Amino acid sequence: MPMHLQSEIRLSQAHTSRTGRKQRNEDCLGFFAPDDQLLTTKGACAIIADGVSSAEAGGEAAELCVNEFINDYFDTPDIWTVKKSAQKVLTAINRSLYSRSHEYLASRGWLCTLSVLILKSHTAHIFHIGDSRIYRIRGDHMECLTKDHTAPLSKSNSCLARAMGMDTRLDLDYRALATESGDLFLLSTDGIHDYLDTQQVLAIIQQNQDLELACELFSQTAYDAGSSDNLSCQLVRVDELVADHIDDLTDRLTDLPFPPDLNPGMTMDGYEVVKEIYASSRSQLYEVKDKHTGQHWVMKTPSPNYDDDPGYIERFIMEEWVGARITSPHVVKIGATSKPKHFLYYLMEKLEGVTLEQWIEENPFPRPSVAIEIVKQIAAGLSAFHKRETLHQDLKPGNIMIRMEPELHVTLVDFGSVYVAGIDEIFVPLERDRILGTAHYADPLLRLGQNTGIQGDLFSLASITYEIFTSHLAYGNALENCDTPAQLEKLRYIPADRYNPIVPIWFDRTLRKGLTITQPDRYQSIGDFLQDLTQPNPEFVHDDKQDQESNRTLFWQAMSLVWFLVSLFLIAALWLK
């Protein structure tokens, strides 16, 4: 499924790596810029590694890091952010190096420094560990973007404090910064940058526009200055940031026209309309039948209200693109079609059953075991989104299908409000369509401009769980009118046992924590929320009413003791008098 985004970046690159005065070259470097859609979704990568001299397999470690990273980074899901993709790959490489260093009867140190530059859209992403370096040269200014991870041994000597393969836990530096056309990035090992100063580097760059020649001059100048180490460096120049023009992007977005209003019996692209399932101001859902195969699908079409809104069209197109990348038995499947499209729409599998909204109306007090199983399956679908760095942002009973026969099965069916971190990194010359979800279920902090990430979806999950067990909302209808911090502060959680007296105190406190307005006080993960829903948290098992009654008893006991002592004092005083 092709993507409409084409945020290209045009680069020039050169490198050199020499043994120098050492017996073997333990440096390694690499560069890869894909020439297809991966350049938009993953960017281009430059990488340099320096094997630790005191480690027997330092050179092998550097080579493994460079080759494995380039091979594996571009295989990570195109929906992930650069940060998540790179950290996942580097963590796996680090474990591999560490295990090789500690293999039984094969104790050889697999240690190296590593500096990675990824250029995606208009952003440079830096990953770094050790004492290799990345510099940015912009005009007459040169800035080191990395920090050496060394520890001093004496006034003149130091050692590496961090390196790939040194520990099971990988402690990487990461930063992201905006790039501009003309930016030049220099990646180097200490055999180069320890023997060149800023003025020398700038002079070589200004006098030599040929990057290959500049790299050779860096190496030779460092060698002449007495460098006793390997000599490796790489230059990457941003020649042009090819930003989409709004007209070009709009042309691609509007390549397919909106479908007309569809009625039962009409046929479009070989799909016969069976019936209309749902219609709103933003979209329509139809049950359709493939006239060739006889298979039934659900077709989603855009609303003609937005046929001149590029932001809306981009979101609609992204729904299909994202949905095709979420794989879970609890998330609706996107239908793939080999037929050419003549209109803008997409297909989803047809599901049996009813919406959770209808099920709650028909089952006001469900068996706890059934209710918990529904919540678990909703959570499983939501987790599939989060594994792809995608937020649902509009989880509600109307967007969840439930089937009771032959066995209970729950499916999330909507992609209309999703937020994809990896796609949001890509620059577009338009204001993206932002949908904040349904007021009763969406995190109210979203309306205040706070991106609460996974905790926002968790708020929705907790709200739905509350409704399943009580047939009510935790804040009534108050969330609809909360648009300021002052209004949020006035919200009061309604205890679940007010509507369903069988709800135990620990269960209600779990719901309360999931639905608290203060973000730091919420659950951090779906797993923690489910844990407390299914196994009483010891912190939640005490009844506040019992505690208050106990406190009152202690108070009056203390007051009685005071009165008794005062009486004794008065009697003693009178007697002594």
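The values are calculated or read from the model by the stated rules, or taken from the named source; none is laboratory data. Predicted model only: the values in this text are computed from it and were never measured. Cβ atoms come from the backbone with ideal geometry, glycine included; neighbour counts cover every protein chain shown.
Couple of notes before you dig in:
- Number of the condition not met by R252 [criteria: (1) within 30 Å of L213 (Cβ to Cβ); (2) basic (K, R); (3) at pLDDT below 85]: (1)
- Tally of residues being of a type in the set (D, E, K, R) and either under 23 Å from V288 (Cα atoms) or assigned to a helix (DSSP H, G or I) (or both) across region 299-315: 4
- Complete set of residues in region 474-484 that are surrounded by fewer than 18 Cβ atoms within 10 Å (Cβ to Cβ) and either of a type in the set (A, V, I, L, M, F, W, C) or under 16 Å from Y499 (Cβ atoms) (or both): G476, N477
- Only one of the numbered conditions (1) surrounded by fewer than 18 Cβ atoms within 10 Å (Cβ to Cβ); (2) under 16 Å from F127 (Cβ atoms); (3) of a type in the set (D, E, K, R) is violated by D35, and that is (2).
- Of all residues in region 285-336 being under 25 Å from the mean Cα position of the chain (by Cα) and of a type in the set (D, E, K, R), the one that is farthest from D424 (Cα to Cα): K333
- Any chance Y312 is crowded, with 20+ Cβ neighbours inside 10 Å and either at pLDDT below 95 or closer than 26 Å to I374 by Cβ (or both): yes
- Set side by side, the residues P429, P504, P444, P485 differ, and just one is at negative phi and at pLDDT 90 or above, which is P504.
Here is a yes/no grid of residues against (1) within 18 Å of A371 (Cβ to Cβ); (2) in contact (Cβ under 8 Å) with a residue 60 or more places away in the chain:
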position	(1), (2)
R388	no, yes
E407	yes, no
G422	no, yes
D443	no, no
L448	no, no
A474	yes, no
C482	no, no
R492	no, no
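- T40 being in the same structural domain as Q220 (by TED's automatic domain parsing), among the β-branched types (V, I, T) and in a strand (DSSP E or B): no
- The selection criterion, being more than 12 Å from D194 (Cα to Cα) and part of a strand (DSSP E or B), holds for L241.
- Filtering region 358-372 to residues that are surrounded by fewer than 16 Cβ atoms within 10 Å (Cβ to Cβ) and under 29 Å from E287 (Cα atoms) leaves Q358, E361, E362.
- Qualifying residue in region 541-562 (condition: within 37 Å of the chain's Cα centre (by Cα), modelled with pLDDT under 95 and assigned to a helix (DSSP H, G or I)): no
- Index of the failed condition, D183 passing every other in (1) of a type in the set (D, E); (2) free of Cβ contacts under 8 Å to residues at least 60 places away in the same chain; (3) closer than 20 Å to V89 by Cα: (3)
- Residues of region 161-183 classified as under 14 Å from R133 (Cα atoms) and not in a loop (DSSP other than H, G, I, E, B), total: 3
- Every listed requirement among (1) at pLDDT 95 or above; (2) touching a Lys or Arg at 6+ places or on another chain (Cβ under 6 Å); (3) among the hydroxyl-bearing types (S, T, Y) is met by S303 save one, (1).
- Flag for L488 being in contact (Cβ under 8 Å) with a residue 24 or more places away in the chain, within 25 Å of W359 (Cβ to Cβ) and within 30 Å of the chain's Cα centre (by Cα): no
- Condition check for T470: closer than 30 Å to F415 by Cβ and over 22 Å from the mean Cα position of the chain (by Cα): yes
- Comparison of L90, L187, L119, L145 shows that the only residue that is surrounded by fewer than 21 Cβ atoms within 10 Å (Cβ to Cβ), out of contact with any helix residue (DSSP H, G or I) (no Cβ under 6 Å at 6 or more places or on another chain) and under 22 Å from F69 (Cβ atoms) is L145.
- Restricting the search to strands (runs of 3 or more DSSP E) fully inside region 59-160 and requiring at least 3 residues that are within 20 Å of I192 (Cβ to Cβ) and either of a type in the set (S, T, N, Q) or touching a residue at least 24 places away in the same chain (Cβ under 8 Å) (or both) gives 112-120, 123-129, 133-138.
- Answer residue from region 274-304, given it is β-branched (V, I, T) and touching a residue at least 24 places away in the same chain (Cβ under 8 Å) and is farthest from D414 (Cα to Cα) among those: V288
- Among (1) touching a residue at least 24 places away in the same chain (Cβ under 8 Å); (2) under 24 Å from Q524 (Cα atoms), the one test that Y346 misses: (2)
- Criterion violated by F31 - all others in (1) aromatic (F, W, Y); (2) under 30 Å from R315 (Cβ atoms); (3) touching a residue at least 60 places away in the same chain (Cβ under 8 Å) satisfied: (2)
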